[in-house]
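See structure below.
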Amino acid sequence: MPHLAVSDVRAKYGSLEVLKGISFSIEKGEIVALVGPSGSGKSTVLRALMGLTPITGGDVDLAGERLNYSSSREVRAARDRMAIVFQQYNLFQNMTVMQNLTLAPLKIKRWDRAEVEAEARRLLGLVGLSDKIDAYSDQLSGGQQQRVALARALALKPQILLLDEVTSALDPELVGEVLDAIRKLAAEGMTMVIVSHEMGFVREVADKVVFMDAGQIIEAGTPAELFDTPKTDRAQNFFSNILRH
Amino acid sequence: MERILEQAPRFFSGPNLTLLFESAMLTLGMTLAGCLIGFGLAFVLVFLRQTPGLWALPLRLVCITYVEVFRRIPFIVVIYLVLFFIQTVTPDASLFTIAVIAICLYAVAYTADIIRGGLESVPATQVEAAQAMNLSRLQTNLRIVLPQAWPVIVPPAIAFAVSFIKDTALVSQVGVFELTFRGKELNNQGYSGILVFGTIAFCYFLLSFPLSLLGQHLEKRLATPRGERRTRKIRQP
Ligand SMILES: Nc1ncnc2c1ncn2[C@@H]1O[C@H](COP(=O)(O)OP(=O)(O)OP(=O)(O)O)[C@@H](O)[C@H]1O
Ligand SMILES: [Mg+2]
């Protein structure tokens, strides 16, 4: 049984249906990449999984439990098991790096303080920011903020990590440091759903690529299948355009 | 002028000064008490007003109506309403209590909008990041939104309290022994109006000026980025 199975998920913004029945699944330790043109609904898929955008239909099975996000209990359960990293980092501006990492583990998960702080230090070491532990986010570069955001999500010990274009707000010279941090997670066997425009990176780390357009999945397969021998015209167009750049 | 000079020594005598000092403290006390309680209640009101869901619609309506109505009533009318309402409920309520309640009711309506504006100035993405970690609405407000909203809330809230110090003169109408009331009294005792109300004016200035300075100080401090605020504190011996 897959770790996360999304079946026929639909979502609307007002009267505009932005997810028109999305289905994909992910095994433990796998990395699935969502790719597609701007506005195709990639972010909305991640937001729906986190209960930030309500779904109007479909099912989500997470670790054997069915979640329809219809009750606050189910939304909490989803948020308890998954963590998201946003494109714009969204670090809490009023808190230091350490406080950002420890807030939810201490106050929501109610884990032991000593363990939470030790884990936070380990994660900051993992993303190479041990010296920034007491910094506020306005004292950090974009790349550093994004690595803190990554560490903050990991501090929740999520079963699945959702990454929404975590490098696209960064200056090109800062992209590498964030991708390196994600590579380490991949090597550790973290289960991830990644939205990314970095096709080279996707090809390198993803086990499965899901190509979306206009709220639908057009094609899914291994990176080699999609990049080298796409079956649909839309995927062919998209990849030949994006890989040329 | 001669009359003023002649009256001055007698006017600035011990009993009169004590009287003025006491009434100044009364003015300050009821303003601060009313505004602080009102400020606290305004937070509750704003929080209730933000309750999501259809079932909370009546609640939201009540909150909105309260703010919109009280902002449109002259303060003096609020005072009389409170006076007559409280007196029918508990005839022996003190005038000070009545004044504080009136100030409080008025302050809730005004500061609620200041607070709401402050909370709304915090980017929605901060709220989403908190929600995604399962923080409740109250936790999100207290730990994430409010700390970031202070710089937007504090300056106008203090400005409101400062300007309200003078508006409390209106409660002299119902006989609270605050500054203006004492002024009228002293004037009736035969002291020159210019002398009396010149002194009263100066008292109002003395009451509100330090509060204005405090407001300016807080405004500057809150406008400093957190990182720098911190290093500055450490550098100081
Ligand atoms: N808050 C919103 N209100 C209304 N419409 C929205 C909102 N957010 C997104 N949309 C619309 O939903 C659709 C999908 O948006 P989404 O952000 O999921 O796309 P995306 O694939 O992540 O695009 P990008 O690559 O630009 O991030 C788009 O048509 C977008 O205009
Ligand atoms: Mg997006």
message: Quick check on this structure: which one of A:Gly215, A:Gly200 is more than 14 Å from chain B (Cβ to nearest Cβ), within 16 Å of ligand 2 (Cβ to nearest atom) and more than 15 Å from the chain's Cα centre (by Cα)?
response: A:Gly215
query: From the list A:Gly64, A:Gly39, which residue is out of contact with any helix residue (DSSP H, G or I) (no Cβ under 9 Å at 6 or more places or on another chain), away from chain B (no Cβ under 14 Å) and within 14 Å of ligand 2 (Cβ to nearest atom)?
result: A:Gly39
statement: Exception for A:Asp59 within (1) within 14 Å of the chain's Cα centre (by Cα); (2) away from ligand 2 (no atom under 16 Å from the Cβ) falls at (1)
- prompt: What number of residues within region A:22-34 satisfy the criterion of being in a strand (DSSP E or B), more than 9 Å from ligand 1 (Cβ to nearest atom) and buried (at least 16 other Cβ atoms within 10 Å of the Cβ)?
  reply: 7
- prompt: Which residue, of A:Leu62, A:Leu67, A:Leu4, A:Leu49, is surrounded by 19 or more Cβ atoms within 10 Å (Cβ to Cβ), more than 10 Å from ligand 1 (Cβ to nearest atom) and without any contact (Cβ under 8 Å) to a residue 24 or more places away in the chain?
  reply: A:Leu67
statement: Among (1) within 21 Å of B:Arg226 (Cα to Cα); (2) within 14 Å of another protein chain (Cβ to nearest Cβ); (3) within 14 Å of the chain's Cα centre (by Cα), A:Val97 falls short only on (3)
task: For region A:157-169, state whether one or more residues are surrounded by 22 or more Cβ atoms within 10 Å (Cβ to Cβ), within 14 Å of chain B (Cβ to nearest Cβ) and away from ligand 1 (no atom under 16 Å from the Cβ).
output: yes
message: Quick check on this structure: which one of A:Phe227, A:Phe201, A:Phe211 is more than 16 Å from ligand 1 (Cβ to nearest atom), buried (at least 17 other Cβ atoms within 10 Å of the Cβ) and not aliphatic (A, V, I, L, M)?
response: A:Phe227
query: Given the residues B:Arg10, B:Arg60, which is the only one that is part of a helix (DSSP H, G or I), farther than 26 Å from B:Lys166 by Cα and modelled with pLDDT under 90?
result: B:Arg10
query: Which of the residues spanning region B:137-169 are buried (at least 19 other Cβ atoms within 10 Å of the Cβ) and in contact with a Pro (Cβ under 9 Å, 6 or more places away or on another chain)?
result: B:Gln148
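The values are calculated or read from the model by the stated rules, or taken from the named source; none is laboratory data. From a predicted model like this one, the values you see are computed outputs, not experimental measurements. With ideal geometry, Cβ positions are generated from the backbone for all residues, glycine too; neighbour counts draw on all protein chains shown.
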